[in-house]
Amino acid sequence: MQWYEDEVARLAQRPVEMADARPKVVFYGSSTFTRWPGLAQSFPQVQTVNLGFGGSTLAACAWFFRQLVPRQQPDALLLYAGDNDLGDGRTPEEVVLFYEHLMASITATLGGIPVCFIGIKLSPARLHLRASVTYANDCIRQRIAATGPPHYYLDVNAAMLDGRDQPPLALFEADGLHLSPQGYAVWQREIGAQLDRLYPPAP
């Protein structure tokens, strides 16, 4: 975990966001959040707090959670991590255990706030991990279904695969791993719809 220490220390020193009239939603996870240009502007219906840190694994998110997230006192939490764990050679079973450890910490410190886990994306650079991505996602989805609200699973892959069931290169940067502006547009639509379900717009 030493690789993350500097960035985590910076996030831990970040002033607590003063709450406004909107629900405060923490985005917690890997560089998919860290690298998102204009994340706050993408979701004006909520007050966003971006606590992503580059290259983070689900294991790292569980390890640093108590240091970073509870102090912001979020109303809801969006999680994205897991693909870096699999890319580092972790098994799907280990990813699920990291998820369960993180959820236990969330419940112990924040109680029953809404938590939405965004399913691990399938990227061109990691097509060789497709079976592991699918299995990890299925296991986490099943656990969330068994728990029910306020825990939610958001499947982004369904909106990111083409007619050949492949992730289009246009949705990713040249490295085939990080999202392009077109990829973020898909995520904005899918996450925005989830936030609207959690916090329905005023009529």
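The helix-only estimate of mean residue ellipticity at 222 nm for the chain, built from DSSP H runs of length n ≥ 4 each weighted as -39500 (n - 2.57), is -13000 deg cm²/dmol after division by the residue total. Here the stretch 1-72 is treated as a Stokes sphere of Kirkwood radius computed over C-alpha pairs; at 25 °C and 0.890 mPa s its diffusion coefficient rounds to 194 µm²/s.
Using r as the Cβ-Cβ distance of ASP196 and GLN67, and R0 as 41 Å, what FRET efficiency do you calculate, to the nearest 0.05?
0.85
Judged by the mean number of other Cβ atoms found within 10 Å, the most tightly packed of the peptides 17-30, 181-194 leads the ranking 17-30, 181-194.
Taking the Cα centre of the chain as origin and assigning +1 to Lys and Arg Cβ atoms and -1 to Asp and Glu Cβ atoms, the resulting dipole is close to 340 debye. Here the residues ARG10, ARG90, ARG71, ranked from fewest to most Cβ neighbours within 10 Å of their Cβ, fall in the order ARG10, ARG71, ARG90. Each part reduced to its alpha carbon centroid, the stretch 48-79 and the stretch 147-190 end up 20 Å apart. With a/c under 1.5 counting as rounded, go ahead and sort the stretch 87-203 into rounded, prolate or oblate using the C-alpha gyration tensor (a ≥ b ≥ c being the square roots of the eigenvalues; past the cut-off, prolate if a/b is larger than b/c, else oblate). Taking the square roots of the gyration eigenvalues as a ≥ b ≥ c, the stretch 87-203 is oblate. Here the contact order of the chain, divided by its residue count and restricted to Cα pairs under 8 Å and six or more residues apart, works out to 17 percent.
Any read-out appearing in this document is the output of simple, stated calculations on the displayed coordinates, not a laboratory observation. If you're wondering where the values come from, they're calculated on a predicted model, not measured in any experiment. Here the Cβ is made from the backbone with ideal geometry for all residues, glycine too, and neighbour counts use every protein chain on show.
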